[in-house]
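First comes the structure, then the notes that go with it.
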Amino acid sequence: MMIKPIFLPVFLLLTLGACAGSQTNTTGLASDNDPYEGFNRQMFAFNMSLDRNVLKPVARGYLSVPVPVRNSVRNLRNNLISPVTLSNDALQGSWSRAGITASRLVINSTIGILGLFDPATALGLPRHTEDFGQTLGVYGVSEGMYIYLPLLGPAPPRDMGGLIIDTAFNPITYMGDNRLEGSVLSFSVGGVDARANSLGVIDEIERSSVDFYASVRSLYRQNRKSEIANGDTDLDDLPDLGDLDEF
């Protein structure tokens with residue numbers, strides 16, 4: 001998969017989305033299976049520089065957009081990408097969760113005016129997300145060695161493969177003249193919105209980390225473990241970073 005520069009905001013967000021895990025216990029898992037740590041640390045520093053100089057300023061500017069408008073943009077995008085969650089609910093055999101996702105899609109596409117609003121949540125149908133990397137994890141596929149790529153961020157083989165598969169199930173991929181344009185639209189909107197909603201929390205995690213790279217590596221793994229188990233783990237409560245996993 002060729003990564004174009006226009007993907008920059010969202011791929012930086014994937015890097016920072018790793019911080020969605022617990023802020024404690026940042027050793028342990030982090031010390032395992034990182035054979036290319038030297039390269040990974042260089043790419044981490046590169047991505048953090050791009051975040052400081054590109055993504056954060058854009059995210060701060062996006063906060064000037066009225067809240068109702070930002071909420072509607074987020075709701076619309078969440079509704080459009082719900083087939084990704086629905087397909088993975090089904091692949092995991094989580095039929096009750098698949099029913100919730102399908103019901104949300106119908107309700108928000110009709111009563112919610114094509115997804116601009118989210119009445120399904122008010123009706124007791126809370127939103128959740130699934131991806132193919134999680135599905136592989138449910139069936140016992142291991143993460144593989146830790147790899148950190150420029151622009152993309154944490155990209156162990158299981159989750160990288162899952163990202164590619166999920167793109168095929170994402171309706172936004174097929175908007176525009178080609179799939180690249182659709183992917184750019186989905187990733188850019190989701191990435192900027194998520195970064196805008198997580199500015200303070202991520203900055204605090206960075207300030208409180210002795211080794212930010214090691215913290216991100218461990219937090220990424222803990223977060224993925226929690227997602228695969230649908231939150232049924234012994235990890236501490238995860239901080240609310242908005243929709244960091246929504247692109």
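Suppose each label sits 7 Å from its Cα in the direction of the beta carbon; what would the Ala45-Ser142 distance come out to in nanometres?
3.0
Using the basic label-point model (7 angstrom from Cα toward the beta carbon), what is the Leu180 to Asn33 distance in nanometres?
3.3
What distance in nm separates the two pseudo spin-label positions at Ser64 and Ile111, each 7 Å out from Cα along the beta-carbon direction?
Here the modelled spin labels are 3.7 nm apart.
Could I get the Rg over Rh figure for the stretch 5-228? Both from C-alpha atoms, Rh via Kirkwood, rounded to two places.
Computed over Cα atoms, the ratio is 0.96.
Only four residue types carry charge here, +1 at the Cβ of Lys and Arg and -1 at the Cβ of Asp and Glu. Report the dipole size of the stretch 5-228 about the Cα centre in Debye, rounded to the nearest 20. Don't skip to the answer; put the middle values down first.
Numbers: 18 positive and 19 negative charges, 81 e Å.
Dipole about the Cα centre, nearest 20: 380 debye.
Please sort 56-64, 169-177 by packing, taking for each peptide the average over its residues of neighbouring beta carbons within 10 angstrom, highest first.
Those peptides, ordered most packed to least, come out 169-177, 56-64.
Which order do Met145, Met43, Met160 fall in if you start with the one that has the fewest other Cβ atoms within 10 Å? Before the final figure, lay out each step's value.
On the way: Met145 13, Met43 20, Met160 16.
The fewest-first ordering by Cβ neighbours comes to Met145, Met160, Met43.
Counting other beta carbons within 10 Å of each Cβ, put Asp159, Asp211 in order, fewest first.
By the 10 Å Cβ count, ascending: Asp211, Asp159.
Given 0.36 nm per residue, what is the gain on full extension from Trp95 to Leu199 after removing their alpha carbon distance, in nm?
The span from Trp95 to Leu199 would gain 33.9 nm if fully extended.
Every read-out reported here was derived from the displayed coordinates using simple, explicitly stated rules and does not represent laboratory data. All figures in this text were calculated on a predicted structure; none of them were measured in a lab. Don't worry about glycine lacking a Cβ; one is built from the backbone with ideal geometry, like all the others, and counts go over all protein chains shown.
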